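J.: Below you'll find the structure I mean.
The values are calculated or read from the model by the stated rules, or taken from the named source; none is laboratory data. Since this is a predicted model, take the numbers as computed values, not measurements. Cβ sites come from the backbone with ideal geometry, for glycine too, and all protein chains shown count toward neighbours. With ligands, DNA and RNA removed, areas are computed over all heavy atoms of the protein, side chains included. Shrake-Rupley method; radii C 1.70, N 1.55, O 1.52, S 1.80 Å.
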Amino acid sequence: FSQRDKVLTYLETKYPGRTAKICNRLELTGKMALKDVLKVYLGYGDDEAIAVSSHIEAIFGKVETLTEAYERHPEFRTWVDANPKHREAFDIAQKLIGLGVTKGVHASGVFVSYDPLDGNVPTELSKTGDSTTSYDMNVVSELGVKLDCLALKTLDVIEDTCKLVGI
């Protein structure tokens, strides 16, 4: 039983019916959308789709938009402008950006609400049976308190290490 589990149990006991894990959603970026459009619409293989989409960079963890990549990378702009089908794939990909791909449970996020969740915040059960908000972390942070419990696992590792070395 980790310290993180103890904190989660404490929160659930102290605020019954007011805590839930937080939903995590993966949405299509321009790079992902373009790769999929190239493979499905134009019949590109994985390597070809990756070669084209490699011109779309991630800067400090944020993927460039297709428009930014078009403006910043002459090779990508040349590829888009070289063929009407390329331009069409580019335009289709633009329309797909932001569509949900999959969802899961945030690794460390816990939502605590002032009001009972039932009737106020949509929830669902995760694969493990935990109550999970249907909203992502950005939305729940406006509705209540969003806690990050990831660092608590690190404290467990530190405690176990101290015990092993006799501190």
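J.: Name the residue, out of D46, D115, that is under 25 Å from A20 (Cα atoms) and over 21 Å from the mean Cα position of the chain (by Cα).
T.: D115
J.: On the given criteria, is E68 under 14 Å from K31 (Cα atoms), surrounded by 12 or more Cβ atoms within 10 Å (Cβ to Cβ) and in contact with a Lys or Arg (Cβ under 8 Å, 6 or more places away or on another chain)?
T.: So E68 fails the test.
J.: Still on this model: Just need a number here: residues in the range 21-42 that are farther than 30 Å from L150 by Cα, open to solvent by 60 Å² or more (accessible area, probe 1.4 Å) and not in a helix (DSSP H, G or I).
T.: 1
J.: Next up: Out of the residues in the range 100-116 that are modelled with pLDDT of 90 or more and among the hydrophobic types (A, V, I, L, M, F, W, C), which is surrounded by the fewest Cβ atoms within 10 Å (Cβ to Cβ)?
T.: Ranking the candidates gives V112 first.
J.: With the requirement that a residue be surrounded by 14 or more Cβ atoms within 10 Å (Cβ to Cβ) and without any contact (Cβ under 8 Å) to a residue 24 or more places away in the chain, what does the range 73-84 give you?
T.: H73, R77, V80
J.: Continuing with this model, one more query. Could you list all residues from the range 126-146 that are open to solvent by less than 60 Å² (accessible area, probe 1.4 Å) and within 16 Å of T9 (Cα to Cα)?
T.: G129, D130, S131, T132
J.: Sticking with this one: Is it the case that I56 is of a type in the set (V, I, T), buried (at least 20 other Cβ atoms within 10 Å of the Cβ), under 22 Å from the mean Cα position of the chain (by Cα) and within 30 Å of S113 (Cβ to Cβ)?
T.: Taking the combined requirement at face value, the residue does not satisfy it.
J.: Being open to solvent by less than 60 Å² (accessible area, probe 1.4 Å) and in contact (Cβ under 8 Å) with a residue 12 or more places away in the chain narrows it down to one of I92, I97, I50, so name that one.
T.: Of the residues listed, the single one that is open to solvent by less than 60 Å² (accessible area, probe 1.4 Å) and in contact (Cβ under 8 Å) with a residue 12 or more places away in the chain is I92.
J.: Kindly check whether there is at least one residue in the range 9-30 that is in contact with a helix residue (DSSP H, G or I) (Cβ under 6 Å, 6 or more places away or on another chain), free of Cβ contacts under 8 Å to residues at least 40 places away in the same chain and farther than 30 Å from D130 by Cα.
T.: Scanning the range 9-30, I find no residue that is in contact with a helix residue (DSSP H, G or I) (Cβ under 6 Å, 6 or more places away or on another chain), free of Cβ contacts under 8 Å to residues at least 40 places away in the same chain and farther than 30 Å from D130 by Cα, so the answer is no.
J.: Search the range 1-20 for residues being out of contact with any strand residue (DSSP E or B) (no Cβ under 6 Å at 6 or more places or on another chain) and polar (S, T, N, Q), and hand back the single one that is surrounded by the fewest Cβ atoms within 10 Å (Cβ to Cβ).
T.: Checked the range 1-20; the qualifying residue surrounded by the fewest Cβ atoms within 10 Å (Cβ to Cβ) is T13.
J.: Cβ-Cβ under 8 Å, sequence separation 6+ or interchain: first residue in the range 124-152 and more than 10 Å from A20 (Cβ to Cβ), partner open to solvent by 60 Å² or more (accessible area, probe 1.4 Å) and aromatic (F, W, Y). Which pairs?
T.: L143/Y135
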